[in-house]
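Q: This structure is in structure tokens; I'll ask about it shortly.
The values are calculated or read from the model by the stated rules, or taken from the named source; none is laboratory data. Here the structure is a predicted model, which means the values were calculated and not measured. Here the Cβ positions follow ideal geometry from the backbone for every residue, glycine too, while neighbour counts run over all protein chains shown.
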Amino acid sequence: MIAYSESELYNHHVKCEAQQAFELGDISADSRSKMEAAYPCKLYTPHFFIAIALGLLTIVATFFTGILTWLFTQAESSSGIAAFCAFMAIVCYFFLEWMVKNKSYFNSGIDNALMVLVVVFPGGIILSYFQDIPWILFTGLIMLIALLLCLRFADAFMAIISCGFFLAFCFLLCLKSGSATVEYFPFLMMLIIGVLYFFTVKAKHRIKFIYEKCVMVLTVFLLLAFYAAGNYWVINQLQSSVIDVPGAIHSGWAFWILTFLMPLLYVVYGIIKKSLLHLRTGLVLVALAVLTYRYYYTFLPLENMMLVAGLVLITTSYFFIKWLQPSRYGYSSESTFIRPAWNNAEALIIGETMGGLSKTTDTHLMDGGSGGGAGASGEY
């Protein structure tokens with residue numbers, strides 16, 4: 001099912017772990033070189049910025065290719081547009097398989113962009129030819145396509161798309177189930193997301209290294225989705241626009257409690273379990289909870305509110321720095337992750353495109369010449 005060789009993926013995993021251990025100072029450069037030599041990896045995974053640039057170039061090239069194809073075919077009817085989208089989807093998938101097999105691209109930006117296009121073009125087929133298709137069936141089909149691509153190419157973004165369309169599928173199914181289900185759909189969605197999160201956490205301890213990144217990204221997405229399912233602003237917007245039920249939210253007090261309680265629970269859980277993923281997610285959601293309250297209620301001018309928020313953050317940070325000491329709870333302010341080289345993006349791009357910088361070996365640049373006559377003799 002997987003398009004890559006399992007040994008290549010394992011070697012890539014070992015290479016990434018060795019690089020991270022070297023950046024943290026746990027191993028020497030010689031040990032890292034020996035590990036890379038013992039586990040050779042042919043997979044091409046460029047830097048983050050290079051991957052983004054390659055992905056954008058792929059999308060632009062596909063766009064102009066599609067325009068030229070459309071000009072030759074002159075497809076204007078719904079069936080013609082559907083045939084054109086089907087042709088482009090097949091071409092994109094063919095090049096995706098070819099580049100993975102022959103070029104060993106793995107999260108290079110090109111394969112990621114082609115996977116997105118493979119999802120987009122079938123969506124164009126459905127929307128152009130099957131115009132009367134129910135949205136619930138549309139979300140289900142896109143979910144299956146993204147899931148197959150995720151399993152085939154171990155892509156984390158496809159995992160997010162598949163999970164997002166699955167949640168949309170469940171939401172539309174709740175709307176079709178009757179008024180009683182619509183009234184309590186936020187709690188049903190939270191139950192569904194909670195079940196997905198439970199199985200994702202269980203799979204994290206049993207899954208192979210192949211889908212490790214997919215599971216990690218999916219965990220963050222489910223944490224955010226669980227909060228969104230209980231956020232007062234999100235429920236209010238869905239009720240007024242999608243469900244078309246104006247007025248106050250049923251059991252609005254419960255959603256206000258969830259809006260402020262869930263971020264705090266994430267932070268507390270992250271501190272207790274020493275999970276930076278939950279801790280950082282909770283800190284981001286604390287800011288979103290404050291913005292949600294600010295959207296509906298105002299009791300201080302903006303500048304005063306920012307001042308109060310800054311004082312609270314400083315006080316809270318000082319308290320946790322003093323409380324979570326390394327000797328007591330094992331926390332440290334030192335980073336345990338590789339620092340991304342975002343500050344040197346220009347040098348990175350030049351190094352990737354020009355093949356590195358050459359270093360001169362001439363050490364006699366200032367030798368020779370004479371200073372007499374202030375240069376009248378032609379020598380310096």
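Q: Consider ILE52 carefully, then state whether it is of a type outside the set (Gly, Ala, Ser), modelled with pLDDT of 85 or more and either under 22 Å from PHE106 (Cα atoms) or within 23 Å of the chain's Cα centre (by Cα) (or both).
A: Taking the combined requirement at face value, the residue satisfies it.
Q: Which number in (1) exposed (fewer than 15 other Cβ atoms within 10 Å of the Cβ); (2) in a helix (DSSP H, G or I); (3) touching a residue at least 24 places away in the same chain (Cβ under 8 Å) marks the one condition that ALA51 misses?
A: In the conditions (1) exposed (fewer than 15 other Cβ atoms within 10 Å of the Cβ); (2) in a helix (DSSP H, G or I); (3) touching a residue at least 24 places away in the same chain (Cβ under 8 Å), ALA51 misses (1) alone.
Q: Considering every residue within the stretch 64-81, establish whether at least one is at pLDDT below 80 and buried (at least 17 other Cβ atoms within 10 Å of the Cβ).
A: Yes, because at least one residue in the stretch 64-81 is at pLDDT below 80 and buried (at least 17 other Cβ atoms within 10 Å of the Cβ).
Q: Continuing with this model, one more query. Which of the residues that make up the stretch 98-117 are surrounded by 15 or more Cβ atoms within 10 Å (Cβ to Cβ) and not hydrophobic (A, V, I, L, M, F, W, C)?
A: Passing the criteria: SER104, TYR105, ASN107, SER108, GLY109, ASP111, ASN112.
Q: Give the residue that is modelled with the lowest pLDDT, with candidates limited to residues of the stretch 1-45 that are of a type in the set (Lys, Arg) and crowded, with 16+ Cβ neighbours inside 10 Å.
A: ARG32
Q: Considering only residues that are more than 27 Å from the chain's Cα centre (by Cα) and either part of a helix (DSSP H, G or I) or among the aliphatic types (A, V, I, L, M) (or both), which ones fall in the stretch 2-35?
A: ILE27, ALA29, ASP30, SER31, ARG32, SER33, LYS34, MET35, listed by residue number.
Q: Can you say whether ALA254 is in a helix (DSSP H, G or I), over 21 Å from ALA309 (Cβ atoms), touching a helix residue (DSSP H, G or I) at 6+ places or on another chain (Cβ under 9 Å) and of a type in the set (Gly, Ala, Ser), as far as the supplied structure shows?
A: yes
Q: Mind checking whether some residue in the stretch 245-257 is more than 30 Å from GLU8 (Cα to Cα), loosely packed, with under 15 Cβ neighbours inside 10 Å and at pLDDT 90 or above?
A: Yes: the stretch 245-257 contains one or more residues that are more than 30 Å from GLU8 (Cα to Cα), loosely packed, with under 15 Cβ neighbours inside 10 Å and at pLDDT 90 or above.
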